[in-house]
Amino acid sequence: MTTADTFREVYGTGPEGVWAAPGRVNLIGEHTDYNDGFVMPFALPHTTVAAVSRRTDGRLRLHSANVDGGTVELFLDELSADDAAEGWAAYPAGVLWVLREAGHVITGADIHYESTVPTGAGLSSSAALEVVTALALNDLYGLGLEPWRLARLCQRAENVYVGAPTGIMDQTASACCTAGHALHLDTRDLSQRQIPFDLAAQGLRLLVVDTRVKHSHSEGEYGKRRAGCEAAAAALEVDALRDVPYEGLDATLERLDDEELVRLARHVVTEDHRVEQVVRLAEDGDFRAIGPVLTAGHASLRDDFRVSCPELDLVVSAANDSGALGSRMTGGGFGGSAIVLVEDAAADKVTDAVIAAFATAGFVTPRVFSAVPSEGARRLA
């Protein structure tokens, strides 16, 4: 049964259209986006698909094939950031709220969702849900908003309505990535470069290892890191940590009295530098040399930013010990997924080693799949 067929079954009539938005994996550039820094994600083939029709009575009806509990019905005039919708419905409701707050006339919608993006895996399932909603409403209501602007509105929906202090990367990746490329994004001015990223042509593969450890950005630890970064920038008298030069970093950090702020700042500045390294290596076609940069990024996230967990650390150690070129956690941390760069011929060996290491440690068996740079948000029908 297609998404449109299920929409018809739920709402009694066919949809006006069907749209898709992908999850993303971030190759490098973690916790840099809310520091005005650089990131390098690409879109996954895993998508959230939405069948949508307009309404004229101010109602928003939401249904998901992935969530039990039937249809959620909300009234647009009652949407408020002070009294947000509960659970998964908060993300699309937030999109409706932010579009109307921006002055766009939206009179209601019926939406049915189906998603293959793993939830809680650090692969931006929430951004895919937001972006597919925004894109569908943009098309149906003729709002004329560019993809980058939709991403900005979706970020506001997540920050203000949902209450998760995320940066702009996830929504921009879902909205703007192109197949066969990684997106080099400057999160300060939102300038973009599509970097060709065909690992298969080089005999390489990027594995995603979903540890199945769930995380939530709206919980306190993520917010603490962001507040700490802002405090470090203020103490160093810069607008954002992106403005701290990589050269002479150790001397600069001596100006900070708080060791926690030192660690946060060191991660952000060195991570921005790692993004620039990976861009140069990809443009030079030296993809194998990206591996050690990934591993260095994980060490920084683990030791300085302290957002890793035992399962993520085990993926990195087991993969690298069994022949991977490099690995690191990806996403916000505290669980979720890791990425592993491998020679194609070694992919099965490395996968088996990671799964065996999890079994020995008594962890839940991880889910492992190959990540292929895929198309961003688009209309399907």
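Among the residues that make up segment 288-308, is at least one of them free of Cβ contacts under 8 Å to residues at least 12 places away in the same chain and open to solvent by 50 Å² or more (accessible area, probe 1.4 Å)?
No; the residues of segment 288-308 include none that is free of Cβ contacts under 8 Å to residues at least 12 places away in the same chain and open to solvent by 50 Å² or more (accessible area, probe 1.4 Å).
Would you be able to say whether some residue in segment 316-324 is within 11 Å of Leu207 (Cα to Cα), open to solvent by less than 50 Å² (accessible area, probe 1.4 Å) and modelled with pLDDT of 95 or more?
Quick first cut of segment 316-324, residues within 11 Å of Leu207 (Cα to Cα) only: 319, 324.
From the residues that got through so far, the ones that are open to solvent by less than 50 Å² (accessible area, probe 1.4 Å) too are 319, 324.
After this cut, where a residue has to be modelled with pLDDT of 95 or more as well, the list is 319, 324.
Scanning segment 316-324, I find at least one residue that is within 11 Å of Leu207 (Cα to Cα), open to solvent by less than 50 Å² (accessible area, probe 1.4 Å) and modelled with pLDDT of 95 or more, so the answer is yes.
Within segment 7-19, track down each residue that is crowded, with 24+ Cβ neighbours inside 10 Å and small (Gly, Ala, Ser).
Across segment 7-19, there are no qualifying residues.
Going by the structure shown, is Glu283 buried (at least 19 other Cβ atoms within 10 Å of the Cβ) and in a helix (DSSP H, G or I)?
Judged against the criteria, Glu283 is not a match.
Would you tally the residues in segment 179-198 being open to solvent by 50 Å² or more (accessible area, probe 1.4 Å) and part of a loop (DSSP other than H, G, I, E, B)?
Result for segment 179-198: 5.
Report whether or not Arg328 is out of contact with any strand residue (DSSP E or B) (no Cβ under 6 Å at 6 or more places or on another chain), among the charged types (D, E, K, R) and crowded, with 23+ Cβ neighbours inside 10 Å. First the steps, then the outcome.
On the way: out of contact with any strand residue (DSSP E or B) (no Cβ under 6 Å at 6 or more places or on another chain): yes; among the charged types (D, E, K, R): yes; crowded, with 23+ Cβ neighbours inside 10 Å: yes.
Yes: the conditions hold for Arg328.
Conditions tested, residue by residue: (1) polar (S, T, N, Q); (2) within 26 Å of Gly37 (Cβ to Cβ).
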{"position": "Ala109", "(1), (2)": "no, no"}
{"position": "Asp139", "(1), (2)": "no, no"}
{"position": "Gly142", "(1), (2)": "no, no"}
{"position": "Arg149", "(1), (2)": "no, yes"}
{"position": "Val162", "(1), (2)": "no, yes"}
{"position": "Gln192", "(1), (2)": "yes, yes"}
{"position": "Gln202", "(1), (2)": "yes, no"}
{"position": "Val209", "(1), (2)": "no, yes"}
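What's the number of the condition Phe369 fails, among (1) in contact (Cβ under 8 Å) with a residue 24 or more places away in the chain; (2) open to solvent by 60 Å² or more (accessible area, probe 1.4 Å)?
(2)
Give me a count of the residues in segment 238-280 that are assigned to a loop (DSSP other than H, G, I, E, B) and free of Cβ contacts under 8 Å to residues at least 40 places away in the same chain.
Total meeting the criteria: 11.
Given (1) part of a strand (DSSP E or B); (2) open to solvent by less than 30 Å² (accessible area, probe 1.4 Å); (3) more than 30 Å from Ile195 (Cα to Cα), where does Ala50 come up short, assuming only one miss?
Single failed check for Ala50: (3).
Would you tally the residues in segment 286-306 being more than 17 Å from Glu343 (Cα to Cα) and part of a helix (DSSP H, G or I)?
Of the residues in segment 286-306, 10 are more than 17 Å from Glu343 (Cα to Cα) and part of a helix (DSSP H, G or I).
Which one of these is modelled with pLDDT of 95 or more and surrounded by 15 or more Cβ atoms within 10 Å (Cβ to Cβ): Asp243, Asp257? Give the steps one after another, and end with the answer.
Details: Asp257 fails: surrounded by 15 or more Cβ atoms within 10 Å (Cβ to Cβ).
Checking each option against the conditions leaves just Asp243.
Name the single residue that is most open to solvent (accessible area, probe 1.4 Å) among those in segment 331-366 being of a type in the set (D, E, K, R) and in a helix (DSSP H, G or I).
Of all residues in segment 331-366, those of a type in the set (D, E, K, R) come to 343-344, 348-349, 352.
Still in the list and also in a helix (DSSP H, G or I): 344, 348-349, 352.
Working: Asp344: 71, Asp348: 109, Lys349: 128, Asp352: 99 Å².
Going through the qualifying residues, I end up with Lys349.
Could you grab me the full set of residues in segment 199-215 that are in contact with a helix residue (DSSP H, G or I) (Cβ under 8 Å, 6 or more places away or on another chain), hydrophobic (A, V, I, L, M, F, W, C), surrounded by 16 or more Cβ atoms within 10 Å (Cβ to Cβ) and not in a loop (DSSP other than H, G, I, E, B)?
Within segment 199-215, Leu204, Leu207, Val209 meet the criteria.
Considering every residue within segment 171-178, establish whether at least one is assigned to a loop (DSSP other than H, G, I, E, B), open to solvent by 10 Å² or more (accessible area, probe 1.4 Å), in contact (Cβ under 8 Å) with a residue 24 or more places away in the chain and in contact with a His (Cβ under 9 Å, 6 or more places away or on another chain).
no
Please determine, by comparing only the residues of segment 372-381 that are among the small types (Gly, Ala, Ser) and buried (at least 17 other Cβ atoms within 10 Å of the Cβ), which one is farthest from Met40 (Cα to Cα).
Selected residue: Ala377.
Yes or no, residue by residue, for (1) surrounded by fewer than 18 Cβ atoms within 10 Å (Cβ to Cβ); (2) in contact with a helix residue (DSSP H, G or I) (Cβ under 7 Å, 6 or more places away or on another chain); (3) not polar (S, T, N, Q):
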{"site": "Asp36", "(1), (2), (3)": "no, yes, yes"}
{"site": "Val39", "(1), (2), (3)": "no, yes, yes"}
{"site": "Thr56", "(1), (2), (3)": "yes, no, no"}
{"site": "Ala65", "(1), (2), (3)": "yes, yes, yes"}
{"site": "Glu73", "(1), (2), (3)": "yes, no, yes"}
{"site": "Leu79", "(1), (2), (3)": "no, yes, yes"}
{"site": "Asp83", "(1), (2), (3)": "yes, no, yes"}
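Filter segment 151-168 for residues that are open to solvent by 10 Å² or more (accessible area, probe 1.4 Å) and either touching a residue at least 24 places away in the same chain (Cβ under 8 Å) or in a loop (DSSP other than H, G, I, E, B) (or both) and give the result.
Arg152, Leu153, Arg156, Val160, Val162, Gly163, Pro165
The values are calculated or read from the model by the stated rules, or taken from the named source; none is laboratory data. Source: prediction; values computed, not measured. Every residue, glycine among them, receives a Cβ derived from its backbone with ideal geometry; neighbour counts consider all protein chains shown. Protein only, heavy atoms only, side chains kept; ligands, DNA and RNA dropped before computing areas. Shrake-Rupley method; radii C 1.70, N 1.55, O 1.52, S 1.80 Å.
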